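Below is one structure, written out as structure tokens; the observations come after it.
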Amino acid sequence: MATDSRQSIHAAFERHVSSGKAAFFAAAGIDFIGGERSGITLSDLDGRPLINCHSNGGVFNLGHRHPRVIAALRAALNERDIGNHHLVSADRAALAARLAELSPGDLKRVVFGVSGGEAIDFAIKLARGHTGRTKIISAIGGYHGHTGLALAAGEETYRRPFGPQPAGFVQVRFGDLDALAAQMDADTAAVLFETIPATLGIVIPAQGFFAGVRALCDRHGALLIADEVQTGLGRCGAVWGIDTFGVVPDILVTGKGLSGGIYPITATLYREHLNPFLHQNPFIHISTFGGAELGCRVALEVLEILAEPGFLEHVNEMAGLFADLLARLKEKYPGLLLGVRQRGLMMGLKLADERLGPLATQIGFQLGLLVVFANHDPSVLQLLPPLIVQEAEVRVILDRLDRVFFEIGKRLG
Ligand code: PMP
């Protein structure tokens with residue numbers, strides 16, 4: 001395949017993988033095919049480099065092909081495989097214990113999965129199983145994955161073609177405590193929010209929002225589920241994004257970055273008081289590949305890197321540099337860049353209107369910068385560089401963003 005021409009790869013993709021995606025990228029003038037990759041850089045087959053400021057929403061928190069993550073997988077391959085998901089496993093026990101150590105309060109127990117959607121599905125099942133209630137309240141325009149219950153909790157567009165949906169799902173405006181309070185009742189099993197909704201446009205809630213959500217959940221006997229698939233594992237300058245709001249959820253879901261970009265693995269952490277339900281029903285949720293032992297070894301190394309002294313300090317230092325440079329960019333292009341949304345290295349640029357996000361993505365691509373607009377609010381450009389980004393690289397990224405805005409200004413006259 002490596003020797004195939006670009007044309008034949010595009011043709012095979014169009015014919016056998018997705019004709020729709022092929023048409024979409026052709027229309028956008030983006031003919032990228034991933035080739036070599038390392039650190040913050042993802043190159044085209046022809047070697048043209050892109051700086052990755054998308055990071056697949058956190059999959060590449062440690063950049064591409066982090067040497068320590070690769071070494072962990074290589075070492076694991078000498079003695080492990082997927083493992084047997086029914087049996088006691090040293091690797092799953094070790095990873096769960098490490099996750100527990102890095103988590104606040106009594107978030108001490110873990111169920112592993114393969115995808116974020118699956119981990120959210122399980123979180124919802126656990127909330128319903130534990131409470132015996134059905135209602136799940138989530139955010140309008142939120143995103144939790146495309147599997148069954150996760151899909152039901154997310155944006156309506158992705159559900160509409162697929163017939164009757166599971167009952168009991170209600171959505172409210174994110175950040176609106178009054179709207180949430182109006183929906184809370186004696187049948188509410190859980191409130192499920194991304195800590196910072198990414199697809200909705202990196203919406204940073206008021207600092208007291210999650211304390212308010214926590215209080216409402218406690219008052220009504222409902223559980224709080226934090227979707228930390230994008231905000232977790234250092235992205236927001238703390239281990240979990242929700243830590244920065246000083247709140248302990250009952251269930252916390254992590255994915256993407258836990259893989260080290262190398263081996264798919266996700267986890268649903270839950271508090272001690274939810275354990276009786278699973279103690280009585282230990283085989284009620286099964287995932288053959290969830291918590292594969294090779295993946296556990298990889299994820300354990302990811303957590304070692306995250307927990308090393310200086311790692312989170314580096315994230316916060318780079319976040320400060322971005323904040324300074326983005327403020328200058330905003331001053332330079334006041335008609336185009338209206339605001340900067342930021343917590344750590346989770347950043348969103350609020351642009352003047354909904355045409356500009358897709359345009360910035362397209363121009364960024366031409367200028368060697370992978371930046372993607374928020375799907376549920378295209379007026380926001382997501383900016384999610386790998387957490388290992390260095391100062392000189394931050395300056396290059398800002399330089400390219402400057403050129404993106406200059407070019408947008410020129411095109412809009
Ligand atoms: N939650 C959030 C916040 C996400 O961003 C995603 C994926 N983009 C998911 C859940 C679902 O993860 P996956 O694609 O691995 O199922």
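The values are calculated or read from the model by the stated rules, or taken from the named source; none is laboratory data. Computed from a prediction, not measured in an experiment: that's the story for all the values here. Please note: Cβ atoms are built from the backbone with ideal geometry, for glycine as well, and neighbour counts cover all protein chains shown. We work out accessible area using only protein heavy atoms, side chains counted, and drop any ligands, DNA or RNA first. Shrake-Rupley method; radii C 1.70, N 1.55, O 1.52, S 1.80 Å.
Which lysines, on any chain, are close to Lys108 with Cα under 19 Å apart, when same-chain ones fewer than 8 places away are left out?
Candidates past the 8-residue exclusion: Lys125.
Hey, can you list the DSSP H helices of the chain whose Cα span along the axis is 30 Å or longer and whose average Kyte-Doolittle score is at least -0.5? Each step should come with its number before you reach the end.
Working: long enough: 311-332 (32 Å, 0.12); 391-412 (32 Å, 0.03).
Helix filter hits for the chain: 311-332, 391-412.
So what is the relative contact order of region 328-413, in percent, for Cα pairs below 8 Å that sit 6 or more residues apart? Don't skip to the answer; put the middle values down first.
On the way: 119 pairs, mean separation 23.2, N = 86.
Taking the mean separation of contacting Cα pairs over the length of region 328-413, I get 27 percent.
Have a look at Ala11, Leu326, Ile82 and report the one farthest towards the positive end of the charge dipole of the chain, computed about the Cα centre with Cβ charges (Lys/Arg +1, Asp/Glu -1).
Working it through, the farthest residue towards the positive pole turns out to be Ala11.
PRE reach from Glu317 (point 7 Å along Cα→Cβ): which of region 336-350 fall under 18 Å by backbone N?
Backbone N within reach: 344-346.
How many percent of Cα pairs in region 80-307 exceed 22 Å?
Values: 12263 of 25878 pairs.
The answer is 47 percent, as a whole percent.
Take every DSSP beta bridge with both residues inside the chain and express the antiparallel ones as a percent of the total, to the nearest 5. Show your work: numbers first, answer last.
Working: 30 of 47 bridges.
Close to 65 percent.
In whole angstrom, how long is each semi-axis of the equivalent ellipsoid of the chain, when you take the square root of 5 times every eigenvalue of its Cα gyration tensor and sort them from largest down? Kindly include the intermediate steps, with their values, before the conclusion.
Values: eigenvalues 222, 138, 93 Å².
Ellipsoid semi-axes (Å, largest first): 33, 26, 22.
For Met347, enumerate residues with amide H under 5 Å from its amide H, sequence gap 5+ or separate chain, H modeled in the peptide plane.
Excluding prolines and chain starts, which carry no amide H, the hits are Leu383.
With both partners inside region 80-307, how many of the DSSP beta bridges are antiparallel, as a percent to the nearest 5? Could you put the intermediate results ahead of the total?
Details: 10 of 25 bridges.
Bridges in region 80-307 are about 40 percent antiparallel.
Using only DSSP helix segments of four residues or longer, with each worth -39500 (n - 2.57), what per-residue ellipticity at 222 nm results for the chain after dividing by its residue count and rounding to 500?
Details: 13 runs with 160 residues, N = 413.
Helices in the chain give a 222 nm mean residue ellipticity of -12000 deg cm²/dmol.
Report the Cα-based extents of region 294-343 along its three principal axes, largest first, to the nearest Å.
In descending order, the Cα extents are 49, 22, 12 Å.
Given the Cα-Cα distance of His279 and Glu354 and 0.36 nm per residue of separation, how much length would full extension add, in nm? Working shown, then result.
Numbers: separation 75, 0.36 × 75 = 27.00 nm, distance 4.88 nm.
Computed gain between His279 and Glu354 is 22.1 nm.
Residue by residue, what Karplus-based ³J(HN,Hα) values in Hz, rounded to whole numbers, does region 257-269 have, using 6.51, -1.76 and 1.60 with θ = phi - 60° and x for Gly and Pro?
Residue by residue, region 257-269 yields x, 4, 6, x, x, 10, 9, x, 7, 9, 8, 10, 9 Hz.
Taking 0.36 nm per intervening residue step and subtracting the Cα-Cα distance, what contour gain separates Val17 from Ile33 on full extension? Kindly include the intermediate steps, with their values, before the conclusion.
Working: separation 16, 0.36 × 16 = 5.76 nm, distance 1.37 nm.
4.4 nm is the gain from fully extending Val17 to Ile33.
Would you work out which of Pro161, Val110, Phe174 lies farthest towards the positive end of the dipole of region 80-307? Charges go on Cβ: Lys and Arg +1, Asp and Glu -1.
Positive-most Cα among the choices belongs to Pro161.
I'd like to compare 111-123, 204-216: which one has the highest average count of other Cβ atoms within 10 Å, and what's the full order after that? Don't jump to the answer; show the numbers that get you there.
Numbers: 111-123: 26.1, 204-216: 17.3.
Top to bottom by mean Cβ count within 10 Å: 111-123, 204-216.
Of Leu369, Gly335, Ile397, whose Cα points farthest to the positive end of the dipole of region 332-400 (charges on the beta-carbon: +1 Lys, Arg; -1 Asp, Glu; origin at the Cα centre)?
Projecting each Cα onto the dipole axis, the largest value belongs to Gly335.
Which parts of region 206-229 would a label at Ala181 reach, counting a residue when its backbone N lies under 17 Å from a point 7 Å out along Cα-to-Cβ?
206-222
What figure, in Å² to the nearest 10, do you get for the accessible area of Phe289 with a 1.4 Å probe and non-protein molecules left out?
120 Å²
Hey, what's the chain come to in accessible area per residue, 1.4 Å probe, Å²? Numbers along the way, then the final one.
On the way: 17400 Å² over 413 residues.
Accessible area per residue, the chain: 42 Å².
Give me, ordered by chain and number, the residues 5 or more places off Asp44 or on other chains with an amide H under 5 Å from its own placed amide H.
Here Gly35, Leu50 satisfy the definition.
Placing +1 at every Lys and Arg Cβ and -1 at every Asp and Glu Cβ, with all other atoms neutral, what dipole size does the chain have around its Cα centre, in debye to the nearest 20?
Numbers: 38 positive and 42 negative charges, 93 e Å.
The dipole of the chain has a size of about 440 debye.
For region 80-307, what % of the accessible area comes from carbon and sulfur atoms, probe 1.4 Å? Display every interim value, and only then the final one.
On the way: 4700 of 8240 Å².
That fraction is 57 percent.
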